[in-house]
1. Above 22 angstrom, tally the Cα pairs of region 50-208 and express them as a % of all pairs, no decimals.
2. Using modelled backbone amide H atoms (1.01 Å from N, in-plane), which distant-in-sequence or interchain residues come within less than 5 Å of Ser10's amide H?
3. Evaluate Rg over Rh across region 310-356, taking Cα atoms for both radii and Kirkwood's formula for Rh.
4. Along each of its three principal axes, how wide is the spread of alpha-carbon positions in region 237-317, in whole angstrom units, largest first?
5. Along region 262-274, what does the Karplus equation 6.51 cos²θ - 1.76 cosθ + 1.60 (θ = phi - 60°) give for ³J(HN,Hα), rounded to whole Hz, x for Gly and Pro?
6. Under a Cβ-Cβ cut-off of 10 Å, what is the net charge of the residues other than Thr265 that fall near it, where Lys and Arg count +1 and Asp and Glu count -1?
7. For region 258-366, taking Cα atoms only, what is the radius of gyration to one decimal and the Dmax to the nearest whole Å?
8. Once amide H atoms are placed 1.01 Å from N in the peptide plane, what residues at a sequence separation of 5 or more from Gln298, or on another chain, have their amide H within under 5 Å of its amide H?
Amino acid sequence: MLKKLDNTHSFSMSEFIEEASKPRNEIQIIKEYEKYILLIKKHLTNDKYYDDWIKYINQQIHLSLPDEVKDNCKKCKGDIKIENEKTCEIYYIRAGTPLSTSIMFYVSYIENNSHLFKSKELILELTYKFFEHFRFNNGELSFDGEAFDNILLNQTILLLRELYSKMKTKEAIKKLNESLEDLETHKVMAKFTDRILFDFTNPQIKFFKKQLRYYEKKLLTESLSNNNNNNKLINDESFNYNKYTNVFHKLMSIQEAVDHFQIFTIKNSKNGKPFLTDKEFDIFIKKAFCGMTDLPKQSFNKTAKGEKFIIQHRFREFYDNYCDYFGTGQVSGVFIKLLTDNFNGWDYNNVKNNFNKKPKRTIKLL
């Protein structure tokens, strides 16, 4: 059987149509929808609250009916004996589709992210916000999905931030990398298949990348604090790059490059020595980012087996994190040259052909 992606970050239109076209009797449809109703009642903590919201929606639909509809509906005029003349009834029937669809999407999102949405108080408040985003115009019911999605996305990001803050630094980095890989897989699949990305996907990718940079910097700080010999790198005036303009990209702070690549002076190769000495690292930064192109190429300290891709992947991560400065992802060559133009033993075409290759362990987790 062919493998399929789940629907957490994207969905397949063809699969959706196929599922929707399956024959179902009315009882099956009612049972499926009842599952979502039971869940949203649980989120509201009380069945009466759900009934009150449905009553409110029906009232607002009625209030928004065009005058000519209400004028022609004898029931609206108060003739409760009339059973067959309910001109306005069609509006309540039509409201069923946007109501049920919105409820199913909202409930599914909360359930799929139940590891984040654990607070009953938060879910109750969100569910009230959900019902407040229904709109009424000329008897037609609609849902302001864009506005509510912003609220939902904001809460999701805050909860994720809180979740990662409770983890150890290496664990947070591992989880962030896993989440990024999952999201970007959906993004790639959506590009080449009929899958449609959810609106949340791209903002979450940006959030995860920023969080990853934060925890990488935190890991570096922790490593430096445990290594007194490297603390001089921060305090030594010779490693102050503030007076330089970044020739790699003028809008990028050189400190961002320092924070990203300084890990080469902290982590050791399998031979027990750091990948770069402080002096080698300083020359790399000045040559690649400060415009001192006459400085000599440096050489990484590495063992023959496996560590080449660990080093190369760190430059790939720099591309992933900072290509946004260039306004396009079609700049991998510029980032590859940071490695091949500044270090001995690296061939541009060879690196380019393997730039997407990820080692079993990254330098952050050594």
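Read-outs: derived from the displayed coordinates by stated rules, not from any lab. All figures in this text were calculated on a predicted structure; none of them were measured in a lab. Virtual Cβ from ideal backbone geometry, glycine too; neighbours counted across all protein chains shown.
1. 57
2. Phe198
3. Here the Rg-to-Rh quotient is 0.94.
4. In descending order, the Cα extents are 37, 24, 21 Å.
5. 5, 4, 5, 8, 9, 7, 9, 5, 4, 7, x, 10, x
6. -1
7. Both quantities, over Cα of region 258-366: 13.3, 40 Å.
8. Phe343, Asn344
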